[in-house]
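Okay, so here's the structure we're looking at.
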């Protein structure tokens, strides 16, 4: 019988081994982040926090020359992690399920230094104004 501590360690190891991403990059470099869609209400202001909610998205990692390097899907909470070689990348996120062109895709550039994991937030536009 597994103790609670052993079971917890097994779950953590399984999550780490099976997480989004893929093969490891030399030096442990890469990108982790979250995809969000927003705004989530019209006319956000001081009394309303409408800055977005996590969304399942398809994330494409491209070289700065436009070549596809990786394609992955975020988890249900919009989170992702991908091991990458050091370099410049363009990240594009599209909703896994969209309707009528919404939400609009997010696009950003990121430089991944050797041995570092950059954290980014991808903001998909809901179209709500």
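The values are calculated or read from the model by the stated rules, or taken from the named source; none is laboratory data. These figures come from a predicted structure and were not determined experimentally. In this analysis, Cβ positions are derived from the backbone assuming ideal geometry, glycine residues included, and neighbour counts consider all displayed protein chains.
Things to note:
- Search result, residues across segment 73-82 that are at pLDDT 95 or above and surrounded by fewer than 18 Cβ atoms within 10 Å (Cβ to Cβ): 73, 75, 77, 79
- Test: residue in segment 103-115 that is more than 30 Å from residue 41 (Cβ to Cβ), in contact (Cβ under 8 Å) with a residue 60 or more places away in the chain and surrounded by 13 or more Cβ atoms within 10 Å (Cβ to Cβ): yes
- Taken as a whole, segment 121-129 holds no residue that is farther than 16 Å from residue 39 by Cβ and either exposed (fewer than 15 other Cβ atoms within 10 Å of the Cβ) or touching a residue at least 40 places away in the same chain (Cβ under 8 Å) (or both).
- Subset of segment 95-129 that is in contact with a strand residue (DSSP E or B) (Cβ under 6 Å, 6 or more places away or on another chain) and not in a strand (DSSP E or B) - its residue that is farthest from residue 52 (Cα to Cα): 96
- Residue that is closer than 15 Å to residue 35 by Cβ, in contact with a strand residue (DSSP E or B) (Cβ under 8 Å, 6 or more places away or on another chain) and at pLDDT 90 or above, where the choices are 58, 69: 58
- Hits in segment 83-94 - residues which are surrounded by 13 or more Cβ atoms within 10 Å (Cβ to Cβ) and either in a strand (DSSP E or B) or out of contact with any strand residue (DSSP E or B) (no Cβ under 9 Å at 6 or more places or on another chain) (or both): 83, 87, 89, 90, 91, 92, 93, 94
- Residue list for segment 20-51, filter: modelled with pLDDT of 85 or more and either surrounded by fewer than 13 Cβ atoms within 10 Å (Cβ to Cβ) or within 14 Å of the chain's Cα centre (by Cα) (or both): 28, 30, 31, 32, 33, 34, 35, 36, 37
- Residues located in segment 98-114, provided they are more than 17 Å from the chain's Cα centre (by Cα) and within 22 Å of residue 29 (Cα to Cα): 113, 114
- Condition check for residue 77: touching a residue at least 60 places away in the same chain (Cβ under 8 Å), in contact with a strand residue (DSSP E or B) (Cβ under 9 Å, 6 or more places away or on another chain) and under 25 Å from residue 38 (Cα atoms): no
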